[in-house]
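Read the structure below first, then the notes.
The values are calculated or read from the model by the stated rules, or taken from the named source; none is laboratory data. Predicted model, so just to flag it, every value in this text is computed and none were measured. As a convention, Cβ positions derive from the backbone with ideal geometry for all residues, glycine included, and neighbour counts pool all protein chains shown. SASA here: full protein model, heavy atoms, side chains in, ligands and nucleic acids out. Shrake-Rupley method; radii C 1.70, N 1.55, O 1.52, S 1.80 Å.
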Amino acid sequence: MYTYPMIILPVLIILIIGVKIVRPTQRGLIERLGKYSGFAGPGFHWIIPIVDRMFIVNVTEQMVDAEPQEIITNDNLNASVDAQVYFRVKDNEESVKGSIYNVNDFRYQIVNLARTTLRNIIGTLTLKSANSERGKINAELYKTLHTETKGWGIEIVRTELKEIDPPKDVQETMNKVVKAENEKIAAIDSATAAETVADGIKRAKIKEAEGYKRAKILHAEGEAEAIKLVNEAADKFFIGNAQILRKLQAVETSLQTNTKIVVPTGSELVNIIGEMAGAVLPITKKSKME
């Protein structure tokens with residue numbers, strides 16, 4: 001009566017223990033009696049308890065910190081250096097086997113390999129060049145890790161140099177130097193700006209003076225042209241004393257605005273004035289005779 005339950009219960013326990021579920025982010029390796037038996041992809045799997053054993057491997061991207069370490073630079077300064085390494089185990093069977101059988105603990109190995117590589121790289125650089133060549137350090141670190149982990153089934157995604165911190169006293173000195181350089185640059189920029197403003201004002205004054213000079217010249221040329229036109233009209237439409245009076249009237253009109261005119265000797269204006277004097281003189285004498 002109790003025989004069947006006693007048999008069924010152990011069988012159910014064995015069946016339940018043997019059930020293994022592999023998630024999409026995982027891959028599995030099955031060993032039977034210590035030997036590789038098969039590859040387990042995502043989904044349901046059943047193994048024989050005690051006889052079989054399954055190793056689960058995460059195939060998503062992971063990150064390890066190389067942990068801060070003191071490194072002596074080429075200029076004999078201690079620098080605290082830290083870096084991060086991003087990697088993932090490839091999801092194919094050979095790569096998953098390599099991550100289990102070709103390296104004891106790939107996470108631990110990557111950290112130590114990154115620390116050693118950083119010491120080798122930064123030890124050849126000065127502190128200043130190490131800070132200014134972070135991209136180069138990242139590239140060399142990535143190249144070394146990528147080459148060394150090929151047989152582990154690992155893909156190095158990227159490396160990030162987290163920090164390169166000099167000793168506190170060196171950092172304070174560097175900050176003072178940077179501050180002094182920035183103040184020097186600011187002073188030069190201020191002087192250059194002031195010089196530019198002064199130069200602009202100077203050019204504006206020159207332009208203004210040139211414009212005023214040009215306006216005077218144009219005004220004088222316009223008045224001269226007007227007098228010329230009036231004289232030509234007087235020669236054409238007036239005769240005798242009327243002609244002389246019309247010319248003198250033109251001169252008088254131009255002089256009402258207090259315009260200063262320089263008249264060369266022998267010019268037409270002098271002749272007009274002379275003619276007017278000659279015209280007035282006989283009339284005066286005639287009136288006295290009467």
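A few remarks follow.
A quick yes/no check of all residues on (1) open to solvent by 40 Å² or more (accessible area, probe 1.4 Å); (2) without any contact (Cβ under 8 Å) to a residue 12 or more places away in the chain; (3) of a type outside the set (S, T, N, Q):
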position	(1), (2), (3)
Met6	yes, yes, yes
Thr25	yes, no, no
Tyr36	yes, no, yes
Gly41	no, no, yes
Ile47	no, no, yes
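- Checking the stated criteria, Val96 turns out to be under 30 Å from Gly38 (Cβ atoms), open to solvent by less than 60 Å² (accessible area, probe 1.4 Å) and assigned by the TED database to the domain that holds Trp152.
- Scan of segment 127-159 for residues that are outside any helix (DSSP H, G or I), surrounded by 15 or more Cβ atoms within 10 Å (Cβ to Cβ) and under 27 Å from the mean Cα position of the chain (by Cα), ordered by number: Glu133, Thr159
- Checking every residue in segment 100-120 against the condition of being open to solvent by less than 30 Å² (accessible area, probe 1.4 Å) and either more than 30 Å from Gln26 (Cβ to Cβ) or not assigned by the TED database to the domain that holds Lys162 (or both) gives at least one match.
- Any hit, segment 102-112, residues being aromatic (Phe, Trp, Tyr) and in a helix (DSSP H, G or I): yes
- Single match in Ala66, Ala79 (criterion: in contact (Cβ under 8 Å) with a residue 24 or more places away in the chain, crowded, with 17+ Cβ neighbours inside 10 Å and touching a Pro at 6+ places or on another chain (Cβ under 6 Å)): Ala79
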